[in-house]
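A.B. asks: Sharing a structure with you now.
The values are calculated or read from the model by the stated rules, or taken from the named source; none is laboratory data. Just so you know, these numbers come straight off a predicted model, no measurement behind them. Here the Cβ positions follow ideal geometry from the backbone for every residue, glycine too, while neighbour counts run over all protein chains shown. Ligands, DNA and RNA are excluded from the accessible area calculation, which covers all protein heavy atoms including side chains. Shrake-Rupley method; radii C 1.70, N 1.55, O 1.52, S 1.80 Å.
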Amino acid sequence: MSLHSPLAETNRLGFMSGYLESLSLVERLHRLLLDVIKDEFERLGVLDINAVQALLLFNVGDNEVTAGELKSRGYYQGSNVSYNLKKLVEMEYMHHQRCEIDRRSVRVRLTPKGRDVRDVVTELFGRHAEGLQDRGVLGPDGIDQINHSLKRVERYWADQIRYIY
(Lines give C-alpha, C1' and ligand atoms only; values in the text may rest on other atoms or scores of the structure.)
Protein backbone atom coordinates (compact mmCIF):
# COMPACT_ATOMS: atom_id res chain seq x y z
CA MET A 1 0.00 0.00 0.00
CA SER A 2 1.42 3.40 -1.01
CA LEU A 3 1.49 6.29 1.45
CA HIS A 4 -0.60 8.22 -1.06
CA SER A 5 -3.26 5.57 -1.61
CA PRO A 6 -6.92 6.45 -1.12
CA LEU A 7 -7.08 4.08 1.87
CA ALA A 8 -4.06 5.71 3.53
CA GLU A 9 -5.58 9.16 2.95
CA THR A 10 -8.93 8.02 4.40
CA ASN A 11 -7.15 6.62 7.48
CA ARG A 12 -5.14 9.82 7.91
CA LEU A 13 -8.23 12.01 7.64
CA GLY A 14 -10.16 9.72 10.01
CA PHE A 15 -7.40 9.92 12.60
CA MET A 16 -7.22 13.70 12.22
CA SER A 17 -10.97 13.93 12.75
CA GLY A 18 -10.72 11.80 15.91
CA TYR A 19 -7.79 13.87 17.18
CA LEU A 20 -9.72 17.11 16.70
CA GLU A 21 -12.70 15.60 18.50
CA SER A 22 -10.41 14.62 21.40
CA LEU A 23 -8.99 18.14 21.60
CA SER A 24 -12.49 19.58 21.65
CA LEU A 25 -13.54 17.13 24.39
CA VAL A 26 -10.54 17.96 26.59
CA GLU A 27 -11.29 21.66 26.23
CA ARG A 28 -15.02 21.20 26.95
CA LEU A 29 -14.34 18.92 29.90
CA HIS A 30 -12.05 21.49 31.50
CA ARG A 31 -14.66 24.24 31.13
CA LEU A 32 -17.36 21.87 32.43
CA LEU A 33 -15.18 20.96 35.42
CA LEU A 34 -14.90 24.66 36.28
CA ASP A 35 -18.70 25.00 35.98
CA VAL A 36 -19.24 22.00 38.28
CA ILE A 37 -16.88 23.49 40.88
CA LYS A 38 -18.56 26.91 40.55
CA ASP A 39 -22.00 25.35 41.05
CA GLU A 40 -20.82 23.50 44.18
CA PHE A 41 -19.54 26.69 45.76
CA GLU A 42 -22.72 28.59 44.80
CA ARG A 43 -24.78 25.78 46.37
CA LEU A 44 -22.74 26.19 49.57
CA GLY A 45 -23.09 29.98 49.48
CA VAL A 46 -19.34 30.56 49.03
CA LEU A 47 -19.30 33.36 46.48
CA ASP A 48 -16.00 35.13 47.11
CA ILE A 49 -13.88 32.55 45.29
CA ASN A 50 -14.03 31.42 41.68
CA ALA A 51 -13.63 27.91 40.31
CA VAL A 52 -10.10 28.49 38.99
CA GLN A 53 -9.02 29.70 42.43
CA ALA A 54 -10.71 26.76 44.17
CA LEU A 55 -8.98 24.31 41.82
CA LEU A 56 -5.66 26.05 42.47
CA LEU A 57 -6.17 25.63 46.24
CA PHE A 58 -7.06 21.97 45.72
CA ASN A 59 -3.91 21.38 43.68
CA VAL A 60 -1.62 23.14 46.15
CA GLY A 61 -3.01 20.97 48.95
CA ASP A 62 -0.58 20.64 51.84
CA ASN A 63 2.42 21.78 49.80
CA GLU A 64 4.31 25.04 50.10
CA VAL A 65 5.19 26.22 46.59
CA THR A 66 6.30 29.18 44.50
CA ALA A 67 4.28 30.58 41.61
CA GLY A 68 6.81 29.07 39.23
CA GLU A 69 6.37 25.64 40.80
CA LEU A 70 2.59 25.90 40.40
CA LYS A 71 3.05 26.05 36.64
CA SER A 72 5.98 23.63 36.33
CA ARG A 73 4.24 20.96 38.44
CA GLY A 74 1.12 21.31 36.34
CA TYR A 75 -0.99 22.59 39.24
CA TYR A 76 -2.01 25.70 37.38
CA GLN A 77 -2.36 26.31 33.68
CA GLY A 78 -3.67 29.86 33.65
CA SER A 79 -1.80 32.88 32.42
CA ASN A 80 -2.88 34.98 35.39
CA VAL A 81 -1.38 32.90 38.21
CA SER A 82 0.06 36.00 39.91
CA TYR A 83 -3.34 37.70 39.93
CA ASN A 84 -5.07 34.66 41.44
CA LEU A 85 -2.36 34.17 44.06
CA LYS A 86 -2.60 37.85 45.04
CA LYS A 87 -6.41 37.60 45.35
CA LEU A 88 -6.19 34.37 47.38
CA VAL A 89 -3.69 36.00 49.76
CA GLU A 90 -5.89 39.12 50.08
CA MET A 91 -8.94 36.95 50.84
CA GLU A 92 -6.88 34.96 53.39
CA TYR A 93 -7.11 31.62 51.58
CA MET A 94 -3.32 31.53 51.21
CA HIS A 95 -0.37 32.71 53.21
CA HIS A 96 2.69 34.03 51.41
CA GLN A 97 6.25 34.54 52.54
CA ARG A 98 9.39 35.74 50.76
CA CYS A 99 11.90 32.99 50.20
CA GLU A 100 14.93 33.33 52.50
CA ILE A 101 17.41 32.35 49.78
CA ASP A 102 15.91 34.17 46.78
CA ARG A 103 14.11 37.30 48.01
CA ARG A 104 12.43 37.71 44.59
CA SER A 105 10.60 34.43 45.07
CA VAL A 106 7.46 34.08 47.18
CA ARG A 107 6.35 30.79 48.70
CA VAL A 108 2.64 30.20 49.29
CA ARG A 109 0.68 27.71 51.36
CA LEU A 110 -2.95 27.31 52.35
CA THR A 111 -4.41 28.94 55.42
CA PRO A 112 -7.09 27.09 57.41
CA LYS A 113 -9.68 28.91 55.25
CA GLY A 114 -7.88 27.67 52.12
CA ARG A 115 -7.78 24.12 53.49
CA ASP A 116 -11.57 24.30 53.97
CA VAL A 117 -11.95 25.08 50.25
CA ARG A 118 -9.54 22.28 49.36
CA ASP A 119 -11.65 19.90 51.46
CA VAL A 120 -14.86 20.93 49.66
CA VAL A 121 -13.25 20.21 46.27
CA THR A 122 -11.83 16.90 47.57
CA GLU A 123 -15.30 15.82 48.73
CA LEU A 124 -16.84 16.90 45.41
CA PHE A 125 -14.29 14.89 43.43
CA GLY A 126 -14.81 11.92 45.76
CA ARG A 127 -18.55 11.98 45.07
CA HIS A 128 -17.83 12.18 41.33
CA ALA A 129 -15.44 9.22 41.41
CA GLU A 130 -17.98 7.17 43.34
CA GLY A 131 -20.81 8.18 41.00
CA LEU A 132 -18.86 7.34 37.87
CA GLN A 133 -18.16 3.87 39.20
CA ASP A 134 -21.57 3.24 40.77
CA ARG A 135 -23.42 4.23 37.59
CA GLY A 136 -21.12 2.17 35.39
CA VAL A 137 -19.83 5.20 33.50
CA LEU A 138 -16.20 4.26 34.16
CA GLY A 139 -14.48 1.52 36.08
CA PRO A 140 -10.87 1.19 37.19
CA ASP A 141 -9.75 -0.18 33.80
CA GLY A 142 -11.48 2.61 31.90
CA ILE A 143 -9.98 5.37 34.02
CA ASP A 144 -6.54 3.74 33.74
CA GLN A 145 -6.85 3.65 29.93
CA ILE A 146 -7.91 7.30 29.77
CA ASN A 147 -5.04 8.36 32.05
CA HIS A 148 -2.51 6.30 30.11
CA SER A 149 -3.62 7.80 26.80
CA LEU A 150 -3.71 11.37 28.10
CA LYS A 151 -0.23 11.02 29.61
CA ARG A 152 1.09 9.85 26.25
CA VAL A 153 -0.45 12.89 24.54
CA GLU A 154 1.00 15.12 27.27
CA ARG A 155 4.49 13.67 26.69
CA TYR A 156 4.12 14.09 22.93
CA TRP A 157 3.08 17.75 23.26
CA ALA A 158 5.86 18.45 25.78
CA ASP A 159 8.36 16.94 23.36
CA GLN A 160 7.01 19.17 20.59
CA ILE A 161 7.61 22.27 22.72
CA ARG A 162 11.13 21.16 23.63
CA TYR A 163 11.86 20.39 19.98
CA ILE A 164 10.89 23.94 18.93
CA TYR A 165 13.36 25.54 21.34
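A.B. asks: Just to confirm the number: angle between the C-alpha axis of helix 140-164 and the first principal axis of the chain, 0 to 90 degrees, nearest 10?
C.D. replies: The angle comes out at about 90 degrees.
A.B. asks: Sticking with this structure for a sec: Using a Förster radius of 30 Å, what is the FRET efficiency between D119 and S72 based on their Cβ-Cβ separation? Nearest 0.05, please.
C.D. replies: Details: r = 25 Å, r/R0 = 0.85.
Efficiency computed from Cβ-Cβ geometry: 0.75.
A.B. asks: Using only Cα atoms, find the angle between the long axis of helix 51-60 and the longest principal axis of the chain, and express it within 0 to 90 degrees, rounded to the nearest 10.
C.D. replies: 80
A.B. asks: Determine the order of V117, V26 by accessible area, beginning with the largest, at a probe radius of 1.4 Å.
C.D. replies: Details: V117 10, V26 75 Å².
Accessible-area ranking of V117, V26, largest first: V26, V117.
A.B. asks: Within 10 Å of each candidate Cβ there may be at most 10 other Cβ atoms; applying that plus a DSSP loop requirement, which chymotrypsin sites (Phe, Trp or Tyr not before Pro) in the range 41-76 survive?
C.D. replies: Working: sites: F41, F58, Y75, Y76; in loops: Y75, Y76.
When the chymotrypsin sites (Phe, Trp or Tyr not before Pro) of the range 41-76 are filtered for loop state and at most 10 Cβ neighbours within 10 Å, nothing remains.
A.B. asks: How big is the convex hull of the Cα atoms of the range 52-144, per residue, in Å³? Before the final figure, lay out the partial values.
C.D. replies: On the way: hull volume 10.5 nm³, N = 93.
That works out to 112 Å³ per residue.
A.B. asks: Moving to a separate point now. Ordering K86, K113 by accessible area with a probe of 1.4 Å, largest first, what comes out? Don't skip to the end; give the middle numbers.
C.D. replies: Values: K86 125, K113 80 Å².
Largest accessible area first, the residues go K86, K113.
A.B. asks: Would you mind counting up the charge near T122? Only other residues with Cβ under 14 Å from its Cβ, with Lys and Arg at +1 and Asp and Glu at -1. Can you show the working numbers first?
C.D. replies: Values: positive: R115, R118, R127; negative: E40, D62, D116, D119, E123, E130.
For residues surrounding T122, the net value is -3.
A.B. asks: Once you keep just the Cα pairs under 8 angstrom separated by 6 or more residues, what percentage relative contact order results for the chain?
C.D. replies: Numbers: 105 pairs, mean separation 29.0, N = 165.
Contact order relative to length: 18 percent.
A.B. asks: Of all the accessible heavy-atom surface of the range 12-165, with the other protein chains kept in place and a 1.4 Å probe, what percent is carbon and sulfur? Provide the component values of the computation, followed by the final result.
C.D. replies: Working: 6030 of 11060 Å².
Within the range 12-165, the accessible surface is 54 percent carbon and sulfur.
A.B. asks: Going by alpha carbons, how many degrees (0 to 90, nearest 10) lie between the helix axis of 6-43 and the longest principal axis of the chain?
C.D. replies: 20
A.B. asks: Counting other Cβ atoms within 10 Å of each Cβ, which GluC sites (Glu not before Pro) in the range 1-75 have at most 15 and sit in a DSSP loop?
C.D. replies: Passing sites in the range 1-75 are E64.
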